[in-house]
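Trainee: The following block contains the structure, expressed as structure tokens.
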Amino acid sequence: MADKFTFELVSPEQLVMSVQADMVVVPGTEGDFGVLAGHAPLVSTIRPGVVNVYDEKAITRYFIRGGFAEVTQAGLTILVEEATDLATVDRAALDARIRNAQEDVSDAKDETSRNRARSGLEHLQMLRDAL
């Protein structure tokens with residue numbers, strides 16, 4: 001059995017996940033990187049994407065948006081703006097949200113509103129692509 005390490009996924013609202021993991025793959029801004037027990041200390045910004053958490057039983061996948069990853073002797077901590085458990089996403093509801101976001105982009109009255117709506121739409125589309 002491989003050595004385990006502590007992995008914590010934290011959003012502004014809550015501790016999303018805290019487990020003993022075998023490996024975690026993180027979407028770093030300069031490319032994905034894997035973390036195993038004993039990994040060298042590291043701090044990295046992260047891009048929107050999927051964090052894959054491996055343990056001996058299963059793979060847990062979270063879509064994350066914006067933040068930082070820090071590897072220390074104690075383990076890996078990822079601080080994110082938002083985290084969504086991909087196992088809980090309802091595809092039909094997500095598609096409806098995407099259609100509404102597309103309408104919001106079309107109906108925007110000014111550039112600021114349009115940019116905000118476009119950003120929300122891009123996030124939803126990345127979430128759909130991650131499924």
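Trainee: Treating only the Cβ of Lys, Arg, Asp and Glu as charged (+1, +1, -1, -1), what charge dipole size does the chain show about its Cα centre? Round to the nearest 20 debye.
Mentor: 220
Trainee: Right, here's the next one. Around Phe7, under 15 Å between beta carbons, what's the net of Lys plus Arg minus Asp minus Glu among the other residues?
Mentor: -4
Trainee: Pairs of alpha-carbon atoms within less than 8 angstrom and 6+ residues apart define the contacts here; what relative contact order does segment 21-80 have, in percent?
Mentor: 32
Trainee: So how tilted is helix 111-130 from the main axis of the chain? Cα-based, degrees 0 to 90, rounded to 10.
Mentor: Helix 111-130 sits roughly 50 degrees off the main axis of the chain.
Trainee: Out of Ala117, Ala37, Ala58, any idea which swings most in a Gaussian network model of the chain, alpha carbons joined below 10 Å?
Mentor: Evaluated over the chain, the most mobile residue of the options is Ala58.
Trainee: Here's something else I'd like to know. Within the chain, what is the longest stretch that has no GluC sites (Glu not before Pro) placed in a DSSP loop and near at most 13 other beta-carbon atoms within 10 Å?
Mentor: Of all site-free stretches, the longest is 57-131.
Trainee: May I pose another question? Got a number for carbon plus sulfur as a percent of the chain's accessible area, 1.4 Å probe? Before the final figure, lay out the partial values.
Mentor: Values: 3740 of 7770 Å².
Summing carbon and sulfur atoms, their accessible area is 48 percent of the total for the chain.
Trainee: Considering Cα pairs under 8 angstrom that are at least six residues apart, work out the relative contact order of the chain and quote it in whole percent.
Mentor: For the chain, the relative contact order is 20 percent.
Trainee: Another question about this same structure. For the chain, report the accessible area per residue in Å² (1.4 Å probe, heavy atoms, rounded to an integer).
Mentor: 59
The values are calculated or read from the model by the stated rules, or taken from the named source; none is laboratory data. Everything numeric in this text was worked out from a predicted model, so none of it was measured. So basically every Cβ, Gly included, is an ideal-geometry build from the backbone, and we count neighbours across all protein chains shown. Areas reflect the complete protein model, heavy atoms only, side chains present, ligands, DNA and RNA absent. Shrake-Rupley method; radii C 1.70, N 1.55, O 1.52, S 1.80 Å.
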